[in-house]
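*Asks:* Have a look at this one.
The values are calculated or read from the model by the stated rules, or taken from the named source; none is laboratory data. Bear in mind that the values here come from a model prediction, so they are computed numbers and not experimental data. Please note: Cβ atoms are built from the backbone with ideal geometry, for glycine as well, and neighbour counts cover all protein chains shown.
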Amino acid sequence: MLMSAVIGHRGARGSAPENTLRAINRAAELGVSWIELDVMLTRDQVPILFHDALLNKLSNGRGEVAKLDFNSLGRIRVLAPHGSVSESHPLTTLDAALQRIQDLGLGLNLEIKPTSPEVGPATLQFALKELAAFPGLPLVISSFNYSVLLEAKRLLPEVPRACLWEDLPRRWQRQAAEVGARSVHLSHQGLKARQVAEIRSEGREVYIYTVNSRRRAKQLFEWGVNGIFTDYPERFEGLKQPVLRTQPFGDPV
Ligand code: G3P
Ligand code: MG
């Protein structure tokens, strides 16, 4: 399998400020071996971990990430999740996050999350510069942005890529083949068992976000899903995942 059955979403978003070093530590404390993080660029093209194009909702700051230089983000703190005992935590660079992930021995699904579609390839390129310093890190690159995946295939063909969609598009096979996707990442809302079977039968793995219920996870694993992204990895301890086999993968990378 490319990743693990339970993947910490934005680190461990349920109990720590998402996409921060604290969330990465928390995921490791909760026993996951893989995490998912979102990366985007500041105005001066520093890759930082953040989910929204605007600072307003998730942090104590205001404004568009794409219009702010990294130095002006020094006082930004990412807010703790509602109801958690955690405190807010400073925003982190991708570079610092990669160091922490390596130190903790985790695998990373890096979601390239450009602040606008046009900066997709640039976001990937600047992230790859940082990743080059961590050659042994287990890595999967995903994005909702198709140009990002094509660029990843061109620049780093050996790193597994994943198509990220909310719903499976009708012509998903063609797009997945074009970017040489090893896995397909989908929302669990509206997902059908036959879609999972279809993807798996083509030799690609399936990972589903954001699954916070144990009952739902159990059902998804029965459908043949390889793994789930969750805000609460602690909820899935001991959940038995059926033995999954992926057909040999035939596309050229
Ligand atoms: O990569 C899976 C998931 O994180 C995609 O959705 O909006 O949480 O980045 P989002
Ligand atoms: Mg994400």
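*Asks:* When the residues of the range 60-76 are filtered to those that are touching a Ser or Thr at 6+ places or on another chain (Cβ under 8 Å) and under 24 Å from ALA12 (Cβ atoms), which remaining residue is surrounded by the most Cβ atoms within 10 Å (Cβ to Cβ)?
*Replies:* Let us first name the residues in the range 60-76 that are touching a Ser or Thr at 6+ places or on another chain (Cβ under 8 Å), namely 60, 64-66, 68-70, 73, 76.
Okay, now just the ones that are also under 24 Å from ALA12 (Cβ atoms), so 60, 65, 73, 76.
Working: ASN60: 13, VAL65: 24, LEU73: 20, ILE76: 20.
Out of the qualifying residues, it is VAL65.
*Asks:* Taking the range 125-160 on its own, how many of its residues are among the hydrophobic types (A, V, I, L, M, F, W, C) and not in a loop (DSSP other than H, G, I, E, B)?
*Replies:* Residues flagged as among the hydrophobic types (A, V, I, L, M, F, W, C) and not in a loop (DSSP other than H, G, I, E, B) within the range 125-160 amount to 12.
*Asks:* Right, here's the next one. Can ALA133 be described as in contact with a strand residue (DSSP E or B) (Cβ under 7 Å, 6 or more places away or on another chain), touching a residue at least 12 places away in the same chain (Cβ under 8 Å), over 16 Å from ILE7 (Cβ atoms) and aliphatic (A, V, I, L, M)? Reasoning before the result, please.
*Replies:* Values: in contact with a strand residue (DSSP E or B) (Cβ under 7 Å, 6 or more places away or on another chain): no; touching a residue at least 12 places away in the same chain (Cβ under 8 Å): yes; over 16 Å from ILE7 (Cβ atoms): yes; aliphatic (A, V, I, L, M): yes.
For ALA133, the condition - in contact with a strand residue (DSSP E or B) (Cβ under 7 Å, 6 or more places away or on another chain), touching a residue at least 12 places away in the same chain (Cβ under 8 Å), over 16 Å from ILE7 (Cβ atoms) and aliphatic (A, V, I, L, M) - is not met.
*Asks:* Report yes if some residue within the range 1-18 is closer than 19 Å to GLY120 by Cα and at pLDDT 95 or above; otherwise report no. Before you say what the answer is, go through the steps one by one.
*Replies:* At the first step, the residues of the range 1-18 found to be closer than 19 Å to GLY120 by Cα are none.
No: the range 1-18 contains no residue that is closer than 19 Å to GLY120 by Cα and at pLDDT 95 or above.
*Asks:* Checking the conditions here, which among ALA28, ALA80, ALA97, ALA66 is within 16 Å of ligand 2 (Cβ to nearest atom) and not in a strand (DSSP E or B)? Show your work before the answer.
*Replies:* Working: ALA28 fails: within 16 Å of ligand 2 (Cβ to nearest atom); ALA80 fails: within 16 Å of ligand 2 (Cβ to nearest atom); ALA66 fails: within 16 Å of ligand 2 (Cβ to nearest atom).
After applying the criteria, what remains is ALA97.
*Asks:* Suppose we keep only residues that are of a type outside the set (S, T, N, Q) and within 11 Å of ligand 1 (Cβ to nearest atom) within the range 12-21. Which one would you say is farthest from HIS51 (Cα to Cα)? Walk me through it before giving the result.
*Replies:* Of the range 12-21, the ones of a type outside the set (S, T, N, Q) are 12-14, 16-18, 21.
Cutting the leftovers down to within 11 Å of ligand 1 (Cβ to nearest atom) gives us 13, 18.
Values: ARG13: 11, GLU18: 9 Å.
It comes out as ARG13.
*Asks:* Considering every residue within the range 199-208, establish whether at least one is in contact (Cβ under 8 Å) with a residue 60 or more places away in the chain and closer than 26 Å to LEU124 by Cα.
*Replies:* Yes, the conditions are met somewhere in the range 199-208.
Results for (1) more than 22 Å from LEU164 (Cβ to Cβ); (2) touching a helix residue (DSSP H, G or I) at 6+ places or on another chain (Cβ under 8 Å), shown as yes or no for each residue.
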| residue | (1), (2) |
| --- | --- |
| ILE76 | yes, no |
| HIS82 | yes, no |
| VAL85 | yes, no |
| LEU91 | yes, yes |
| LEU98 | no, yes |
| PRO114 | no, yes |
